[in-house]
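Participant: Next up is a structure, given as structure tokens.
The values are calculated or read from the model by the stated rules, or taken from the named source; none is laboratory data. Computed from a predicted model, the values in this text were never measured in an experiment. Cβ atoms come from the backbone with ideal geometry, glycine included; neighbour counts cover every protein chain shown. Remember, those area values only see protein heavy atoms, side chains included, never the ligands or the DNA or RNA. Shrake-Rupley method; radii C 1.70, N 1.55, O 1.52, S 1.80 Å.
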Amino acid sequence: MNGDYDVVVVGFGPSGAVAAALLGQAGVRTLVVDRTDEVYPKPRAIALDHEIMRVFQNLGLADAVSPHCEPFTPSEYYGADGRLIKRLATVEPPYPLGHMPSMVFTQPPVEAALRRHVQALPAVDVVLGRRFTGVEQDAEGATVHFDAGAVRARYVIGCDGASSAVRDVVGITLEDLEFDEPWLVVDVQVNEKGLARLPATSVQYCEPARPCTYVIGPGNHRRWEISLLPGEDPAYMATEEGAWSVLRRWIGPDDAALWRQASYRFHALVAREWRAGRVFIAGDAAHQQPPFLGQGMCQGVRDVVNLTWKLRAVLGGEAPDRLLDTYAVERREHVRRLTTRIKEIGAVICERDPARAQARDMALIDAAGGTIRTVPRQDIIPPLMEGLLASGGRAGTGTLFPQPRVYGPAGPALLDELAGTGWRIVTDLRTAQLPPGLLALAERIGMLISIPSDAAGFSSGPHRMQADELDGVLARWFARHGCHAAVVRPDHYVYGVADDGQGLYDLVAGLTDTLQ
């Protein structure tokens with residue numbers, strides 16, 4: 001193993017594979033290395049959301065991934081005495097990002113599709129069965145050592161899991177956000193007889209005697225996450241006998257086949273630093289959170305999407321190295337805020353004191369006015385709050401920009417299919433309302449998109465296009481945030497919004513100055 005690369009990615013799980021795919025798609029010379037030779041054959045992650053499916057779409061993988069996904073069923077929370085106390089579900093179409101907001105999926109074939117895609121990219125080399133052993137940095141780059149050889153790289157990304165060797169070698173430590181619970185996770189393939197006995201929705205059993213979670217996966221896949229009680233041996237509970245001892249409440253060996261069972265301690269941990277010179281960490285190497293919203297893999301993909309577009313800009317000479325510092329600023333706070341929300345949900349589920357559990361139930365029922373209303377799951381995902389964002393704190397800044405269906409040359413299409421994933425300016429202002437110098441300024445960062453149908457005097461070109469949306473998603477977004485234009489980053493997060501043409505010009509001018 002030798003040679004020079006722009007980026008070395010250590011770890012070829014979902015986060016590392018997406019990082020390598022995004023870099024390779026942009027022509028960045030990339031090496032991805034993993035100590036294992038094959039995709040882990042059993043499911044670990046089970047949930048993904050529309051933000052992550054949009055990433056797969058941008059990679060050209062939506063058709064390969066979709067057959068292994070199904071809509072996430074509603075999640076119903078039942079309290080100490082069996083009453084419904086909370087209900088989560090997905091929003092109705094039209095979907096804001098162009099995809100079902102919450103999905104369950106089967107990880108092994110999805111991960112295999114990612115790997116095949118990466119291995120076919122000319123700019124990416126994949127080496128399996130090699131272990132990372134260390135890294136040395138200097139003014140020009142980094143020397144990355146493995147158990148067989150070493151390579152040079154401009155930057156390194158550690159996507160090597162919760163026990164990350166990359167994180168340890170560069171001295172990054174984890175902050176404990178104070179959640180530590182022993183749980184048993186059991187994946188089961190259920191037969192028709194067993195399916196008839198099981199709930200029709202996913203369920204959180206918020207029972208003090210033994211909190212547990214039931215998730216409906218794709219096809220006949222069902223998952224239980226079951227809290228372990230004081231004195232229970234995690235090793236025994238992860239055996240077939242131990243798993244069936246707690247599953248018997250719902251099903252028995254005649255109803256299903258065990259697919260995977262494992263004991264875990266659910267943690268809430270976030271890295272104090274996400275960058276050490278030329279080395280970055282992402283995914284489980286940078287954070288771990290309880291699984292109550294199914295955000296573990298999603299968080300890791302968000303990390304590498306945020307980091308890779310910034311690496312591309314710096315490596316291409318389009319932005320200074322300091323842009324890479326915004327990776328830690330943005331992702332660390334986003335992960336902390338989402339993990340805090342997950343912990344709050346975990347506190348609802350995991351209350352062990354019967355009296356406090358009863359009080360929790362009554363508080364949730366009273367807050368709902370006696371009638372439990374369905375809450376969209378994605379309302380729980382926070383926006384970015386700091387980093388490469390326009391000042392002023394305008395509504396919409398830091399949120400994910402929608403992906404409406406629009407009329408394209410070949411008929412209806414999702415916006416990214418026409419506009420790409422570079423910097424974009426999206427506005428419903430009419431052509432006459434745009435300052436004369438805006439188009440030239442916009443060409444320095446990407447494409448200007450006009451949504452209304454007054455195309456007179458506004459021609460399509462390399463940096464401009466006009467597209468009419470089909471379902472009103474974008475119109476409602478502008479109305480909700482009280483604006484008429486948005487500057488959208490390559491990771492689809494909104495840099496800033498504007499009310500009029502002059503405000504838009506000032507926003508773009510400020511951005512171009514920042515990127516110089």
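Participant: In the chain, with Lys and Arg counted as +1 and Asp and Glu as -1 at Cβ, which of these residues, 338, 501, 367, has the Cα nearest the positive end of the dipole, that is, farthest along it?
Facilitator: Working it through, the farthest residue towards the positive pole turns out to be 367.
Participant: Roughly speaking, to the nearest percent, how much of region 283-411's 1.4 Å accessible area is carbon and sulfur? Don't jump to the answer; show the numbers that get you there.
Facilitator: On the way: 2680 of 5100 Å².
Of the solvent-accessible surface of region 283-411, carbon and sulfur hold 52 percent.
Participant: With +1 on each Lys and Arg Cβ and -1 on each Asp and Glu Cβ, and nothing else charged, work out how big the dipole of region 209-330 is about its Cα centre, in Debye to the nearest 20.
Facilitator: Numbers: 14 positive and 14 negative charges, 52 e Å.
In total the dipole reaches around 260 debye.
Participant: Something else now. Run the 1.4 Å probe and let me know the accessible area of residue 476, rounded to the nearest 10 Å².
Facilitator: About 120 Å², rounded to the nearest 10.
Participant: Relative to the compact globular guide of 2.2 N^0.38 Å, what is the alpha carbon radius of gyration of region 99-257, as a ratio? Display every interim value, and only then the final one.
Facilitator: Values: Rg = 21.6 Å, N = 159, 2.2 N^0.38 = 15.1 Å.
Taking N as the residue count of region 99-257, the ratio is 1.43.
Participant: Scan region 223-286 for trypsin sites (Lys or Arg not before Pro) in coil per DSSP, keeping those whose Cβ has at most 14 other Cβ atoms within 10 Å, and list them by number.
Facilitator: In loop regions of region 223-286 (DSSP not H, G, I, E or B), the sparsely surrounded trypsin sites (Lys or Arg not before Pro) are 248, 249, 272.
Participant: Now for a separate question. What order do 205, 95, 327 take when sorted by accessible area (1.4 Å probe), most exposed first?
Facilitator: Solvent-accessible surface, decreasing: 95, 205, 327.
Participant: Which trypsin sites (Lys or Arg not before Pro) in region 302-385 pass both tests, a DSSP loop state and at most 12 other beta-carbon atoms within 10 Å? Provide the component values of the computation, followed by the final result.
Facilitator: Working: sites: 302, 310, 312, 322, 331, 332, 336, 337, 341, 343, 352, 356, 360, 373, 377; in loops: 352, 373.
In loop regions of region 302-385 (DSSP not H, G, I, E or B), the sparsely surrounded trypsin sites (Lys or Arg not before Pro) are 373.
Participant: Taking the Cα centre of the chain as origin, sum charge times position over the Cβ atoms of Lys and Arg (+1) and Asp and Glu (-1), and report the length of that vector in debye to the nearest 20.
Facilitator: Taking the Cα centre of the chain as origin, the dipole is about 300 debye.
Participant: Something else: Tell me the carbon and sulfur percent of the accessible area for region 466-515, rounded to whole percent, probe radius 1.4 Å.
Facilitator: On the way: 800 of 1690 Å².
With neighbouring chains kept in place, the figure for region 466-515 is 48 percent.
Participant: Looking only at Cα atoms, what is the convex hull volume of region 9-126 per residue, in Å³? Before the final figure, lay out each step's value.
Facilitator: Details: hull volume 14.7 nm³, N = 118.
Dividing the Cα hull volume of region 9-126 by its residue count gives 124 Å³.
Participant: Do any GluC sites (Glu not before Pro) in region 1-79 lie in a loop, going by DSSP, with at most 12 other beta-carbon atoms within 10 Å of their beta carbon, and if so which?
Facilitator: Working: sites: 38, 51, 76; in loops: 38.
Answer in residue order: 38.
Participant: Over the chain, what is the relative contact order in percent, taking alpha-carbon pairs closer than 8 angstrom and at least six residues apart?
Facilitator: 16 percent.
Participant: Give the residues of region 1-45 whose amide nitrogen is closer than 18 Å to a point set 7 Å from the Cα of residue 133 in the direction of its Cβ.
Facilitator: Residues 1-3, 10-11, 33-36 fall inside that zone.
Participant: Divide by every residue of the chain the summed helix terms, -39500 (n - 2.57) for each DSSP H run of at least 4, and state the resulting mean residue ellipticity at 222 nm, rounded to the nearest 500 deg cm²/dmol. Working shown, then result.
Facilitator: On the way: 15 runs with 153 residues, N = 516.
Calculated from helices alone, the mean residue ellipticity at 222 nm is -9000 deg cm²/dmol.
Participant: Can you tell which of 384, 319, 128 lies farthest toward the positive end of the dipole of the chain, using +1 and -1 charges on the Cβ of basic and acidic side chains (Lys, Arg; Asp, Glu)?
Facilitator: Checked the options; the winner is 384.
Participant: Give the Debye-formula value of log10 I(q)/I(0) at each listed q (0.10, 0.12, 0.17 Å⁻¹), with one equal scatterer per alpha carbon of region 243-395, two decimals each.
Facilitator: Each listed q corresponds, in turn, to -0.55, -0.74, -1.10.
Participant: Please report the projected area of the chain's Cα convex hull averaged over all directions, in nm².
Facilitator: 25.1 nm²
Participant: May I ask for the angle, rounded to the nearest 10°, between helix 107-119 and the longest principal axis of the chain, with both axes built from Cα atoms and the value confined to 0 to 90°?
Facilitator: Approximately 30 degrees, to the nearest ten.
Participant: Ok, one more. Lysines near residue 42 by alpha-carbon distance under 29 Å, same-chain residues fewer than 8 away left out - which ones?
Facilitator: 193, 343
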